[in-house]
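Enquirer: Structure in structure tokens, see below.
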Amino acid sequence: MSLKLNIQRWLFSTNAKDIAVLYFIFALFSAMIGTGLSAIIRLELANTGSPFLHGNTQAFNVVITAHAILMIFFFVMPALVGGFGNYLMPLMLGASDMAFARLNNISFWLLVPSLILILTSALVEAGAGTGWTVYFPLAGIQSHSGPAVDLAIFSLHLSGFSSLLGAINFITTFINMRTIGMKYENVPLFAWAVLFTAILLLLSLPVLAAGLTMGIFDRNFNTSFFEYAGGGDAVLYQHLFYWWNHPEVYILIIPGFGIISHAVSAIASKPVFGVQGMIYAMWSIGLLGFCVWSHHMFAVGLDSDTRAYFTSATMVIAVPTSIKIFSWLATLYGGTIRLNVTALFALGFIFLFTIGGLTGVVLANSALDIPFHDSYYVVAHFHYVLSMGAVFSIFCGWYLWSPKILGLHYNERLSHIHFWLMFIGVNVTFFPMHFLGLQGMPRRINDYPDAFIGWNQVASLGSIISIVASIVFIYVVYDQLTNGLHQGNKALDSQFKPSFMGTNLNVEGYTGPTLEWTVSTPPSLHAFNTPAVLY
Amino acid sequence: MFALRRSLLSAGRIARPQQVARFSSASALLQHKAVKPAEKLSEVTGPESLIGTSAAPGTVPTDLEQETGLARLELLGKMDGIDIFDLGPVIRPQHSVKGTPDDPIWVPTYDNSRIVGCSGTPHGSHEVQWFHAGVDKVGRCDECGAVYRAYELGADEEAPHH
Ligand code: HEM
Ligand SMILES: [Cu+2]
Ligand SMILES: [Zn+2]
């Protein structure tokens, strides 16, 4: 293809599949930077006395801020919603594309300047050492003079705008673009998951944008929304931030739930157990997600009635979450289980996400959270749900669908090595953080008393193992892209063959509960010439 | 012209019976040629007649004034109560019985196969199974065994059923 055609195809693309590929590339790029930053964090914490940054605490704070923002906004969200969502949701609905194809292009290309802004923010002046929560007054003009925090806030604005446009697109696609005869009850779980994610984005992001804009005004235009001296209230910022942030953690995990449902069904050769229950569980997780935000603020001085309410409301979410876990187990039960790498990541997800959910329920007790808040116990909690929940679901989705998406197969032995290195690495990194937190080690510090050396060294060792695992994954993808054809076209076979239950009468090999497997491998840009029809 | 007629005909084939009757009179009119823009479905004479009339200067055009081509055909159809592209739920009077190898459920297609989802007989009685039903080779549902077979639209022969 000529340069001009390439530019037209990739820069001006309005095709959901091409845009999804762009999202995957973007996510991989950000993930590599984010991983590099995590290496800096763990090197600094590998011993007491600031061995890596030599006492530059502001630099440490900048690194943890950039790490979190890159991983959440520029890795997990683009990969799960932008990548898998764009590629698979239209296919699963039998739609030729997203409802607003050009809006889709804008959504992606807003992320690129947003990424540039956050990287610039880390590099100018002293950087934004605010933590990803951007709390005021720490993010105010007295504590962070210079443009770094403004750049970080603009970056969050832009990526928020991108997500909002994407959310509008996904909701419209879900409602309007289902193929002939497909009722809501026939829509596969991943498409439902993306719908709920989009609704959460739509309802929560404007509040974050408002909070951040008020911060910009405080910093630059002499308002005092969050400034006590001017009659403002810093706790107001936390309310605005967490109104968005708790739904945000479900935005990060619900698409992962969708992927795991499909993976579990594929590896067990069974339809998902209790599909309706799964849909209602996601819906109530999303709804309740808006009612629990102050469980992040137990330490700001809320009165005890408020804390009692937020403790109970938070624990209620454990019910729909457990419905999902038990439905996955019930799907596996009695299935003919194929223990491929998709299965390993799906089982790993179920096991480790449950641990993360359990520590979440511990933190939800306002009395317990007073000592645990801002300690490594919280860091352990959110890495179990994110690094092992959301990220495992991304790997699971990659190994499940990438042969279909690319038409190229991966090296299965290498992928198993990737899983085991990753599994060991993340557990060795994050499990000891529970102990550190229980012993009282605070988060967001770059040095600590000698008593904490032991588990910190273990965690740093674990992080090296996970980085090796990530390099293996990059090699798996490289190998898939360059040698994938020689590894055979096994998009269907590795997940569905041999099939002991199905008929082999059909034109194409696949008969099963989701549409994306019925189209050609790789799917053509306009996958449905004659639209699929549901009788 | 041909594409337009084909979609009219194919829509007619899967439409409800009383609509088929109204349809064939509309498609019969397609044989004539005239360039006057159609304002009713019965006035449609071909693609040339499916051009919007445009709005009076200084006014905002209505859909009826500006829609052109297939979108206009669809709009004119709606005004006559006819769903040109048959976008409603699938009605299959002949499918209240399960398809069998000898008497499959016939599925219209523009290719030599079509992706079909089976939800059982009666509709909705099992988890949806998706598969290909071919023109030459039938598709069969893993869950309930129902057999589907595609027939090509726009081919010269009539539909293989009824
Ligand atoms: C049963 C479900 C969950 C419960 C009960 C729960 C509870 C909590 C609580 C109480 C905190 C505040 C701890 C503190 O700062 O003192 C917290 C923090 C956090 N949780 Fe969860 N959580 C749950 C699931 C999740 C999920 C699914 C995710 C993401 C995928 C997540 C991500 C986070 C993050 C990122 C933080 C830290 C925010 C920060 O201060 O930087 N949680 N969780
Ligand atoms: Cu929360
Ligand atoms: Zn069936």
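The values are calculated or read from the model by the stated rules, or taken from the named source; none is laboratory data. A quick note: this is a predicted structure, and the numbers were derived from the prediction, not measured. Positions of Cβ are backbone-derived with ideal geometry, glycine not excepted, and every protein chain shown enters the neighbour counts. Accessible surface areas use protein heavy atoms only, side chains included; no ligands, DNA or RNA. Shrake-Rupley method; radii C 1.70, N 1.55, O 1.52, S 1.80 Å.
Enquirer: Within segment A:117-146, track down each residue that is free of Cβ contacts under 8 Å to residues at least 24 places away in the same chain and open to solvent by 60 Å² or more (accessible area, probe 1.4 Å).
Expert: A:L123, A:E125, A:L138, A:Q142, A:S143, A:S145
Enquirer: I would also like to ask the following. Condition first: among the aliphatic types (A, V, I, L, M), modelled with pLDDT of 90 or more and not in a loop (DSSP other than H, G, I, E, B). Can you find one or more residues in segment B:110-127 that meet it?
Expert: Among the residues of segment B:110-127, at least one is among the aliphatic types (A, V, I, L, M), modelled with pLDDT of 90 or more and not in a loop (DSSP other than H, G, I, E, B), which makes the answer yes.
Enquirer: Something else about it: Please find, among A:A95, A:A101, A:A66, A:A79, the residue that is crowded, with 21+ Cβ neighbours inside 10 Å, among the small types (G, A, S) and modelled with pLDDT under 95.
Expert: One residue alone meets the criteria, A:A95.
Enquirer: Scan segment B:96-127 for residues that are open to solvent by less than 10 Å² (accessible area, probe 1.4 Å) and within 7 Å of chain A (Cβ to nearest Cβ) and report the count.
Expert: Residues meeting the conditions: 7.
Enquirer: Scan the helices (runs of 4 or more DSSP H) fully inside segment A:348-446 and keep the ones with 1 or more residues being more than 13 Å from ligand 1 (Cβ to nearest atom) and open to solvent by less than 20 Å² (accessible area, probe 1.4 Å).
Expert: A:391-406, A:412-438
Enquirer: Residues of segment A:327-385 being on the phi > 0 side of the Ramachandran plot and within 16 Å of ligand 2 (Cβ to nearest atom), which ones?
Expert: Hit for segment A:327-385 is A:D374, nothing else.
Enquirer: Another question, if that's okay. Looking only at segment A:245-253, decide whether some residue is more than 14 Å from ligand 2 (Cβ to nearest atom), under 30 Å from A:S143 (Cα atoms) and crowded, with 17+ Cβ neighbours inside 10 Å.
Expert: No, segment A:245-253 has no match at all.
Enquirer: Quick one: how many residues across segment B:65-79 are open to solvent by less than 50 Å² (accessible area, probe 1.4 Å) and in contact with a helix residue (DSSP H, G or I) (Cβ under 9 Å, 6 or more places away or on another chain)?
Expert: 7
Enquirer: What do you reckon, is A:P320 open to solvent by 30 Å² or more (accessible area, probe 1.4 Å) and over 27 Å from A:H409 (Cβ atoms)?
Expert: no
Enquirer: A:P271 passes all but one of (1) closer than 22 Å to A:A68 by Cα; (2) within 16 Å of ligand 3 (Cβ to nearest atom); which number fails?
Expert: (1)
Enquirer: A further question follows. Here's a check for you: in segment A:286-317, which residue that is open to solvent by less than 20 Å² (accessible area, probe 1.4 Å) and either without any contact (Cβ under 8 Å) to a residue 40 or more places away in the chain or within 14 Å of chain B (Cβ to nearest Cβ) (or both) is farthest from ligand 3 (Cβ to nearest atom)?
Expert: Here the residue is A:A313.
Enquirer: Additional query: Kindly provide the set of residues from segment A:270-298 that are more than 16 Å from ligand 2 (Cβ to nearest atom) and outside any helix (DSSP H, G or I), ordered by number.
Expert: If the condition is that a residue be more than 16 Å from ligand 2 (Cβ to nearest atom) and outside any helix (DSSP H, G or I), then A:K270, A:P271, A:V272, A:F273, A:G274 are the ones that fit.
Enquirer: Pairs needed: first member in segment A:341-359, within 19 Å of A:I254 (Cβ to Cβ); second member anywhere, open to solvent by 10 Å² or more (accessible area, probe 1.4 Å) and of a type in the set (A, V, I, L, M, F, W, C); C-beta distance under 7 Å; at least 6 residues apart or different chains.
Expert: The qualifying pairs are A:F345/A:F395; A:G348/A:F423; A:I350/A:I325; A:F353/A:V385; A:T354/A:I325; A:G356/A:V385; A:G357/A:A318; A:G357/A:V385.
Enquirer: Right, another one. Given segment A:1-74, what helices (runs of 4 or more DSSP H) lie entirely inside it while holding 3 or more residues that are over 16 Å from A:S460 (Cα atoms) and aromatic (F, W, Y)?
Expert: Counting at least 3 such residues, we get A:16-44.
Enquirer: Hey, can you tell me all the residues within segment A:49-70 that are of a type in the set (V, I, T) and over 22 Å from A:I465 (Cβ atoms)?
Expert: If the condition is that a residue be of a type in the set (V, I, T) and over 22 Å from A:I465 (Cβ atoms), then A:T57, A:V62, A:T65, A:I69 are the ones that fit.
Enquirer: Of the numbered conditions (1) buried (at least 20 other Cβ atoms within 10 Å of the Cβ); (2) over 20 Å from the mean Cα position of the chain (by Cα); (3) farther than 17 Å from A:N104 by Cβ, A:F217 fails exactly one; give the number of that condition.
Expert: Every listed condition holds for A:F217 apart from (1).
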